[in-house]
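Read the figures in this text as sums done on the coordinates, not as results from a lab. Note that the structure is a prediction, hence the values are computed from the model and not measured. Heads up, the Cβs are rebuilt from the backbone with ideal geometry, glycines too, and the neighbour counts pull from every protein chain shown.
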Amino acid sequence: MIGRMASYPALYSPLFDNQRQRFAPVYALLEAAVEGRVFPGCTFGVLETNRAGYPQIVLLDGVGRQTYAPESPAVEPHTIYDLASLTKVIATTAMAMLLYQRKQLVLDLPVADVLPGFACEQEARSLVTVRHLLAHNSGLAGYARLFETHATAEGLFNACLCMPLEAVPGTRAEYSDIGFILLGRLLEVIAGEPIESFCEREIFGPLGMRSTGFRPASELKNLIPPTEDDQSFRHRVIQGEVQDENCWVLGGVSGHAGLFGNALDILKFSLAVLAPASNRLFEAETLSLFASRVNEPAGSSRALGWDTPSAPSSSGVFFSTDSIGHLGYAGTSLWIDREAGCAVVLLSNRTWPTRNNQKIKDLRPVFHDAVRKLVLPARASA
């Protein structure tokens, strides 16, 4: 569980003091987004590789408030957000990467070998592997409102285990929460412990990600922007607890959602991707493997756990083909350009007070383009 806030590290660039002046167009864009109710507020940050070849934070700040109410607390650089599906890369995929490089995880291992209940009826289910789950091409459905018919964690997970395949494994790319719910449990079986404790000890702790974790402590609730005024399921304002209903039924911890954190911690995680020698968490070969497009089926933008820029992309037009990233439903995103040596994070609660607001789809590419024009010389547009 998240217990306390983090202090700022020593990886800041001297240019950090001039961030508002240097990134004036970015501030103007995000302040206009708050005014236009794209979201009540947001935090954002940038890593840029300096002349010595080391990534440093050159931007970390927040604009707006937790909600649209004038008396709502202002968003600060250290504000913690529901990271939503960034859980899939910062926790689940990262755990898979570590288990893989420790030779505890075989990517072509059939899922049914670890989760016997997965071998329900359909013969093709025996063909689904860990690689398929990571690449979102297992043939499983993308999403199902299982929380409406299953009130317990056991019941909901069993429903995932027996959910019918909708396509032959490897023939359809379908971003799947169901697949990552199963993947999270599979990794727990292999590791012999819950994903929550594994990630805290093996990933968040070593990287100094002090504000990142599942199930935030109750004393932090009012410091976390609410994600939704839920009038249909929990019938309360969702604040300091996971927004995703399936994850909530699963106890707030799952392979597809449940993680909370701030922009600073996500930049620390990005540093582990951009400069693996600095922390010795991920090996270069592991990063290269998991960051490479699977291309099964042809044309899929998915790597192992990660997404890569497509056309059009939420990352805009300036991120190279050697980039990886992910989005989160609540209004979060992370894009890392391994070739350019930079990372950009944006956290928000765009779903407040309801999920109807889709304005962030138009903002994301414009935001990333505005940042990249200032971080590095603009590349030719895609």
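Table for the structure above
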item: Solitary cysteines of the chain, where the nearest other Cys Cβ is not under 4.7 Å; result: 42, 160, 199, 247, 342
item: Cβ-based net charge around residue 117, under 15 Å, with every Lys or Arg adding one and every Asp or Glu removing one; result: -2
item: Cut-off under 5 Å, modelled amide H: who pairs with residue 228 long-range; result: 238
item: Amide H contacts of residue 12 (H built 1.01 Å from N, under 5 Å, at least 5 apart or other chain); result: 57
item: Integer Hz, Karplus 6.51/-1.76/1.60 couplings in order for the stretch 255-262, x for Gly and Pro; result: x, 9, 6, x, 7, 10, x, 10
item: The stretch 331-362 residues near the modelled residue 148 label - backbone nitrogen below 18 Å, point 7 Å along Cα→Cβ; result: 355-356
item: Cα gyration tensor shape for the stretch 286-382, rounded if a/c is under 1.5, else prolate or oblate; result: oblate
item: Stretchable slack from residue 283 to residue 103, in nm (0.36 nm times residue separation minus alpha-carbon distance); result: 63.5 nm
item: Neighbour net charge for residue 134 - beta-carbon separation under 10 angstrom, K R +1, D E -1; result: +3
item: Label point distance in nm, residue 171-residue 68, each placed 7 Å from Cα along Cα→Cβ; result: 4.6
item: For residue 288, net neighbour charge (Lys/Arg +1, Asp/Glu -1) across residues whose Cβ lies under 13 Å away; result: -2
item: Phi to ³J(HN,Hα) by Karplus 6.51 cos²θ - 1.76 cosθ + 1.60 over the stretch 325-331, Hz, x for Gly, Pro; result: x, 6, 10, x, 4, 5, x
item: Potential lengthening between residue 51 and residue 354 on full extension [0.36 nm per residue; Cα-Cα distance subtracted]; result: 104.6 nm
item: Helix runs (DSSP H) in the chain reaching 18 Å along axis by Cα, Kyte-Doolittle at least 0.0; result: 177-191, 360-375
item: Computed helical MRE - 222 nm, the chain, DSSP H runs ≥ 4 contributing -39500 (n - 2.57), nearest 500; result: -7500 deg cm²/dmol
item: The stretch 66-129-the stretch 159-199 distance, computed between alpha-carbon centres (Å); result: 8
item: Under 26 Å, Cα to Cα: Lys pairs in the chain, sequence gap 8 or more or different chains; result: 11
